[in-house]
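The values are calculated or read from the model by the stated rules, or taken from the named source; none is laboratory data. This structure is a prediction, so every number in the text was calculated from the model and none was measured. Heads up, the Cβs are rebuilt from the backbone with ideal geometry, glycines too, and the neighbour counts pull from every protein chain shown. Quick note on the areas: whole protein, heavy atoms, side chains included, nothing else; ligands and nucleic acids left out. Shrake-Rupley method; radii C 1.70, N 1.55, O 1.52, S 1.80 Å.
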Amino acid sequence: MKGSPERSVSIADLAGAATIHGKGSGVVPDSPECDAGGCVGRLGNESFLAPQLITQAAHVRVDRETGVVRVLRVAAAHDSGRILNKIGADGQVYGGVVMGVGLALSEGTMLDDQGRQRNPHLLDYKLVTCSDAPQIDVQWIEYDSVGPRGSKGVGEPPQVPTAGAIANAISKVLGAQVRQLPMTPERVWATNREGRA
């Protein structure tokens, strides 16, 4: 939109127009011949063939003076076919979002000038705890897919969009993008200073 505002499309219009697959996703391969009506006595590999479509949005609080970011809420919409175990599937999203918050804000390997790891154990590595976890709202887009009873896998993919959603929220607050993960207070503070210069 920046270079050609007359060609812009709102996200709502874009999302409502059709299913959009990311660059390089290609055509979903055919699933192997099998009876996909049950789960017992079979591997269910066909449920991993269909891509998951996921989107998330984050609400953050940014302290411009210190660069500290607090994620207040994450809204997560996931397409995983038919959800067979909602408590388990929701738990996968909760865990994925919390992992994504860590990836976005605090978890990173620090190396010295010789390439040695400076934070080799968990005492020197900031993991997200329950007190850091935001409110997480999950919405499932359900339909019959290729897996057992119409399901698809859930697994770790819910962590993938979280860092981007948090980065977008921080960018909206600062008016500038933090371009390196994790988005530590130092990096957020520096981006804020550069954005005001």
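Computed quantities for the displayed model
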{"read-out": "Some residue of the range 169-181 being under 14 Å from the mean Cα position of the chain (by Cα) and either within 19 Å of residue 55 (Cβ to Cβ) or touching a residue at least 12 places away in the same chain (Cβ under 8 Å) (or both)", "value": "yes"}
{"read-out": "Which numbered condition residue 195 fails, given (1) touching an Asp or Glu at 6+ places or on another chain (Cβ under 9 Å); (2) in a helix (DSSP H, G or I)", "value": "(1)"}
{"read-out": "Selected residue (criterion: nearest to residue 170 (Cα to Cα)) from residues of the range 90-101 that are crowded, with 19+ Cβ neighbours inside 10 Å and touching a residue at least 40 places away in the same chain (Cβ under 8 Å)", "value": "101"}
{"read-out": "Identity of the residue in the range 165-176, in contact with a Gly (Cβ under 9 Å, 6 or more places away or on another chain) and at negative phi, that ends up surrounded by the most Cβ atoms within 10 Å (Cβ to Cβ)", "value": "166"}
{"read-out": "Residue within the range 116-132 that is basic (Lys, Arg) and touching a residue at least 40 places away in the same chain (Cβ under 8 Å) present", "value": "no"}
{"read-out": "Some residue of the range 105-124 being at pLDDT 95 or above, out of contact with any Cys (no Cβ under 7 Å at 6 or more places or on another chain) and open to solvent by 20 Å² or more (accessible area, probe 1.4 Å)", "value": "yes"}
{"read-out": "Failed item, numbered, when residue 155 is tested on (1) surrounded by 11 or more Cβ atoms within 10 Å (Cβ to Cβ); (2) out of contact with any His (no Cβ under 9 Å at 6 or more places or on another chain); (3) assigned to a helix (DSSP H, G or I)", "value": "(3)"}
{"read-out": "Subset tally (residues that are of a type outside the set (A, V, I, L, M, F, W, C), open to solvent by 40 Å² or more (accessible area, probe 1.4 Å) and under 18 Å from the mean Cα position of the chain (by Cα)) for the range 68-89", "value": "2"}
{"read-out": "Close pairs (9 angstrom Cβ cut-off, 6 or more residues apart or separate chains): under 14 Å from residue 50 (Cβ atoms) in the range 138-152, polar (S, T, N, Q) and open to solvent by 60 Å² or more (accessible area, probe 1.4 Å) anywhere", "value": "147/45"}
{"read-out": "Selection count where residues are in contact with a Gly (Cβ under 8 Å, 6 or more places away or on another chain) and part of a helix (DSSP H, G or I), scope the range 81-99", "value": "1"}
{"read-out": "Verdict on residue 75 being modelled with pLDDT of 85 or more, among the small types (Gly, Ala, Ser), touching an Asp or Glu at 6+ places or on another chain (Cβ under 9 Å) and within 22 Å of residue 155 (Cα to Cα)", "value": "yes"}
{"read-out": "Flag for residue 128 being touching a helix residue (DSSP H, G or I) at 6+ places or on another chain (Cβ under 7 Å), surrounded by 10 or more Cβ atoms within 10 Å (Cβ to Cβ) and more than 21 Å from residue 87 (Cα to Cα)", "value": "yes"}
{"read-out": "Any pair with Cβ under 6 angstrom, 6 or more apart, that starts in the range 61-83 at a residue that is without any contact (Cβ under 8 Å) to a residue 40 or more places away in the chain and ends at one that is among the hydroxyl-bearing types (Ser, Thr, Tyr) and surrounded by 16 or more Cβ atoms within 10 Å (Cβ to Cβ)", "value": "none"}
